[in-house]
Amino acid sequence: MTTVVRVPRERSARVPAEQRGPGRDRDDVRLLVSHGTRVAHHAFRELPSLLRAGDLLVVNTSPTLAAAVDGRLGPARVVVHFSTRGDDGRWAVELREPDGEGTTRARTGTRAGTEVALAGGARLVVEEPVSARGERLWWARAEGARVLELLREHGRPIRYSYTERDQPLSAYQTLFALPSPDGAGSAEMPSAARPFTARLVAELVR
């Protein structure tokens, strides 16, 4: 049985924690701590008091990419979400369309051979579904531009539908993000690491 939990709009993270008022920082979010079958509610900034010497903390050092790029499919505006680069140079992508509320929704009807005009004269040619079970993600080949350069010049972070407005890429980077030699990174923010601040990490080290 699947349980669907709907989060009230006022409980959603519509803007980053540090933008919600003076004196707030990234660690001003909630933390749910599990002790077997028992759970307890805490603030994220309490994490150092919840760990003990010798505990292992695993962090994701992947930087967030500006993975959403505007395009045109004929006269229609679309947004391409770049996901994963394959060994053959193709990219797994999702084609989306504006939802009228500032964000996007999954586009239906994509077929092999679909061509999307991108910024700077580049184009994207959709070739085949990533999985035989669905047609949301497609393998596609970019022509006329290197994808990572295209993202750096014309991309923006993938925005979640519940958020209030676009944010700069810096709002999606975590404290642990390290540049990759080949420019790769995460299509979406490694969000579990976002609440960490330099102050909190220094306290953990102590």
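The values are calculated or read from the model by the stated rules, or taken from the named source; none is laboratory data. The structure displayed is predicted, hence computed values, not measured ones. Positions of Cβ are backbone-derived with ideal geometry, glycine not excepted, and every protein chain shown enters the neighbour counts. Quick note on the areas: whole protein, heavy atoms, side chains included, nothing else; ligands and nucleic acids left out. Shrake-Rupley method; radii C 1.70, N 1.55, O 1.52, S 1.80 Å.
If R0 is 30 Å, the Cβ-Cβ spacing of Ala117 and Arg6 corresponds to a FRET efficiency of close to 0.20. Per residue, the Cα convex hull of the chain amounts to 184 Å³. Using a probe radius of 1.4 angstrom, the carbon and sulfur fraction of the accessible surface of the chain is 50%. Mean residue ellipticity, 222 nm, helices only, the chain: the sum of -39500 (n - 2.57) across DSSP H runs of n ≥ 4, divided by residue count and rounded to 500, is -2500 deg cm²/dmol.
Over all distinct Cα-Cα pairs of segment 1-118, the Kirkwood formula returns a hydrodynamic radius of 19.1 Å. Average accessible surface for segment 12-74: 64 Å² per residue, computed with a 1.4 Å probe over protein heavy atoms with every protein chain in place. The translational diffusion coefficient of segment 68-161, from Stokes-Einstein at 10 °C and 1.306 mPa s with a Kirkwood hydrodynamic radius over alpha carbon pairs, comes to 120 µm²/s. Per-residue Karplus couplings for segment 191-205, computed as 6.51 cos²θ - 1.76 cosθ + 1.60 with θ equal to phi - 60°, are listed in order as 5, 5, 8, 4, x, 5, 10, 4, 4, 5, 5, 4, 5, 5, 4 Hz, Gly and Pro entered as x. Taking all protein chains into account, the per residue accessible area for segment 143-203 stands at 56 Å² (1.4 Å probe).
Each residue, Ser131 and Thr84, gets one label point 7 Å from its Cα in the Cβ direction; the gap between the two is 1.0 nm.
In a simple Cβ point-charge model (Lys, Arg +1; Asp, Glu -1; nothing else charged), the chain has a dipole of about 560 debye relative to its Cα centre. For a paramagnetic label modelled on Glu203 (point 7 Å from Cα along Cα→Cβ), amide N atoms under 17 Å away belong, within segment 13-35, to 17-18, 23-33.
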